1. Between segment 175-231 and segment 73-129, how many Å separate their Cα centres?
2. Please label the shape of the chain as rounded, prolate or oblate, based on the square roots a ≥ b ≥ c of the eigenvalues of the alpha-carbon gyration tensor (a/c under 1.5 means rounded; beyond that, a/b larger than b/c means prolate, else oblate).
3. With everything on Cα atoms, drop me the angle between helix 16-25 and the longest principal axis of the chain, reported from 0 to 90° to the nearest 10.
4. Compute the acute angle (0 to 90°) between the alpha-carbon long axis of helix 388-403 and the principal axis of greatest extent of the alpha-carbon atoms of the chain; round to the nearest 10°.
5. Rank 96, 208, 58 by how far each Cα sits towards the positive end of the charge dipole of the chain (+1 on Lys, Arg Cβ; -1 on Asp, Glu Cβ) and give me just the farthest.
6. With a cut-off of at most 12 other beta carbons within 10 Å, and DSSP calling the residue loop, which trypsin sites (Lys or Arg not before Pro) in segment 98-138 qualify? Please list them.
7. Between the helical axis of 408-418 and the dominant principal axis of the chain, each derived from Cα atoms, what acute angle in degrees is found, rounded to the nearest 10?
8. Please state the shape class of segment 200-298: rounded when a/c is under 1.5, otherwise prolate if a/b exceeds b/c and oblate if not, all from the C-alpha gyration tensor.
Amino acid sequence: MSGYVGDRAVVLGGSIAGSLAARVLADAYREVTVVDRDDLTDRAEPRHATPQGHHIHALLARGQQILDEIFPGFTDELVALGVPTGDFGTSLTWYFKGIAIKKAETGLTCVAAGRPLLENRIRHRIRRLPNVTLREQTDVLGLVTSPNRRTVTGVRVQSRSHNSAEEVLAADLVVDTTGRGTRTPRWLAELGYPQVLEERVKMDLTYTTCHFRGPLPFDPIGEDIALLPVATPAMRRGAIFARMPDRYSLSLTGVLGDRPPTDHEGFLSYAESLPIPEVYKALRDAEPLGPPTSFHFPASIRRRYERQARHLGGLLVMGDAACVFNPVYGQGMSVAAIQSLVLRDHLLQGPPEPRAFFRDLAGAIDGPWDMSAGADLGFPEVQGRRTAKTRLGNAYVTRLQTAAAADRELSKAFLRAAGLVDPPQALMRPRLISRVLRGAR
């Protein structure tokens, strides 16, 4: 990119989405300021603003590719820190209805870093950019606009240090990456803009995680990365059992009010109820590193900014502030990475125009949303809008997963879509449909 498109961009929220936005904005603005209420410590540990950071997070294959693109050598850096990596199709064992799909080389990289370490290393790269400033322990109070309320001109902020006064950060562009607690819909309403339309899928998810010291008395993972018995309408309890850089971690999932316990005995009893016995066998005599912790996730939420009749100039929304995905599918961090490329593409054309940006952002969200929200809507009790496309897709993917137990080509195709490398529509190619129909009889 030759030259800058503006003087200052302000990013609200120092999450992974905020850090990735800052990275691409740094090529387009003379100054980028990231504002966050937390202490953005250099330690790789969960932050107050991200309580879900205690739980297993997946970096899907497309997310890994993008991080290596915008931060050259990023995966190699993680490997040097001892992070397990492997092929997305052979280092993970995926189970549907208790049956493993066939392992298949995909050429896609799986990285088992965990969110705190990923966030730490991404932020380490951001701090090295000379035109990016992190404003830590600072509250965002609201937007500042032009007198006609058509354009954002800045952000009102206040440091959390004692006796700090409110101040205004002037901005040519403001990007909201404050996550599921975003206040942009409220701010827009207060400025006279239409209500932001929302789409919700209510699955009442709880996941409970416990970390264990290695080596394990019985280790079914070995040199691989994880076992993933996936929750389905037929077998509703699921889990992610993973080998991390310095521990083994088990996240148990329950939907529709089924809540994995937070006492050790109850946690193990829940693990014993999983459709595969290897998880309980591995952990029944293992040493926990602390008590289990739970996180409740009531609903996936998609905010439809692309459908707004009017847009506030100079304001964009990304990450969980735009769309909150069911975390069991591991899409959040990777979709944030995909969104950063959407932002980069628009910056190449000049200052981003909100209507065009949100249209393209919606296109980037469509595929991941169709896969995760659609799978959740396969549970009859889950609340949300079901279409003929949703019902057809769920019926077909269920048959594909069944056939993939004996077909490496179907496993590879499914994992490329689950890893967000290929769109869901790729699973409907005629040669794959033929294999599904033959194999799922």
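1. For segment 175-231 versus segment 73-129, the Cα centre distance is 17 Å.
2. Because a/c hits 1.5 or more and a/b exceeds b/c, the chain counts as prolate.
3. Roughly 50 degrees, rounded to the nearest 10.
4. Approximately 40 degrees, to the nearest ten.
5. Most positive-ward Cα: 96.
6. In loop regions of segment 98-138 (DSSP not H, G, I, E or B), the sparsely surrounded trypsin sites (Lys or Arg not before Pro) are 128.
7. So the helix axis and the longest Cα principal axis differ by about 30 degrees.
8. Numbers: a/c = 1.83, a/b = 1.58, b/c = 1.16.
Prolate, because a/c is 1.5 or more and a/b exceeds b/c.
The numbers here are math on the coordinates, done by the rules we state, and not lab data. Owing to the predicted nature of the structure, the values given are computational and were not obtained by experimental measurement. Cβ sites come from the backbone with ideal geometry, for glycine too, and all protein chains shown count toward neighbours.
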